[in-house]
Each structure stands twice: as C-alpha cells, then as structure tokens.
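One structure coming up, written as structure tokens, with questions to follow.
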Amino acid sequence: MKSSIFNVIPSAILLVLLFLLTPSSAFSVEVGDTLSEDLQKQLNIPKGQVGVVDFFASWCLSCAKEIPDIKKMIKQDSQQKMYVVGIDVDEELAEGIAFQKELAIDFPVINDVEQTIISEFSPIAMPALYYIIDNKIVGKHIGAVPNIDEKIINDLQKLGVEI
C-alpha cells in the first residue's frame, strides 16, 4: 500500500502536539546549554570562577560518600578558581539540614525543598554534578563516581582550569 501525504500529516501533527504539550520541566539541561537568568541568580556563581553544582539528598547513600571528597577538593583550591554550591533536594527541610550538619558541609548549600532548581536540571540519577563556566554548562556527572575529587580536578584541567 502506497503511503499518501494524508496518512503522514496526522502523525506529524500528533508528534508536534505531544512536543508542545509536554511540560518544559520534562527536558533536562545538557552540556552546552546556557542557564536561565533566574537560575543564574539563584546559583550566584561569582564571575571568573568555575561553578561546580552538586545535587544531593539525605536518602542518597552515594551522595554521603562523595561529599567528603568534594570538601577535600575545595581545600586544594587555594586560588579559589571554583565555586562549589550544593543543592539539597530533600523535600523536608529539617531532614536536609540534619544531613548537612552530619556531614559538616562547609560550602554554600541551597535547600531546594520546592524542587524548583532540580526540575530545571532534571538529572536522571543522584548524585548529579554539573560544571558551569560563564553561565553555560560545560560538563556533568550523573550517578556515583569513585574518587569524585580527583575526577573533578582532572575534568577542570581538561577545561583549562588548574587547581
């Protein structure tokens, strides 16, 4: 049976409608994307520094393993070439704060109890870590990474940032 334009058009219209009706939060930011102005203000990454955005939660066992390595890496950055900001995605503020205290997190943390920041990034797993330079996402890691401190330093060197 020959396909006519009348058979193709309804399928194309359906695909376009599905795309238009899918909430924008269903799309994740990817390497190469520029952050929205609102997200830039929330993250507040200082000009001239590489942003390292780390999503974590108290229920994430891998997050608890990676945070001490991230803290260790921050101490190695004597020239302050990077700015680490944690995004705690616990829906219960008290749980998030208790987790932060338990791990003695000493870098800036945004408590994203309303899930607004994580919904813009939409990582497919936790922990999730993003590199941002000049408000543009230049790299990311999704899921647990052994020795994340070494991995971040190596990644930043590849981006031309010496720690």
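Of all accessible surface on segment 29-158 at a 1.4 Å probe, what whole percent is carbon and sulfur?
Summing carbon and sulfur atoms, their accessible area is 50 percent of the total for segment 29-158.
What are the aspartates and glutamates whose alpha-carbon lies under 19 Å from the alpha-carbon of LYS47, with same-chain residues fewer than 8 places away excluded?
Counting by Cα, and skipping residues close in sequence, LYS47 has these aspartates and glutamates nearby: ASP33, GLU37, ASP38, ASP77, ASP134, GLU162.
I need the peptides 133-141, 84-92 ranked by packing, meaning the mean over residues of other C-beta atoms within 10 angstrom, with the highest value on top.
Highest-to-lowest ranking by the protection proxy: 84-92, 133-141.
State in Å² the accessible area per residue of segment 29-158; use a 1.4 Å probe, count heavy atoms of protein chains only, and round to the nearest integer.
51
Taking amide H atoms as placed 1.01 Å from N in the peptide plane, list the residues 5 or more away in sequence, or in a different chain, whose amide H sits under 5 Å from that of LYS140.
The list, which skips near neighbours in sequence, is TYR131.
Also, I was wondering about something else. Which value, in Å to one decimal place, does the Kirkwood hydrodynamic radius take for segment 29-158 when every pair of different Cα atoms is included?
For segment 29-158, the Kirkwood estimate is 14.6 Å.
Hey, any idea what the orientation-averaged projected area of the convex hull of segment 45-99's Cα atoms comes to, in nm²?
That works out to 4.1 nm².
The values are calculated or read from the model by the stated rules, or taken from the named source; none is laboratory data. These numbers were taken from a predicted model, which means no experiment stands behind them. Quick reminder, even Gly has a Cβ in these numbers, built from the backbone with ideal geometry, and neighbours come from all protein chains shown. The area values use the complete protein model at the heavy-atom level, side chains included, leaving out ligands, DNA and RNA. Shrake-Rupley method; radii C 1.70, N 1.55, O 1.52, S 1.80 Å.
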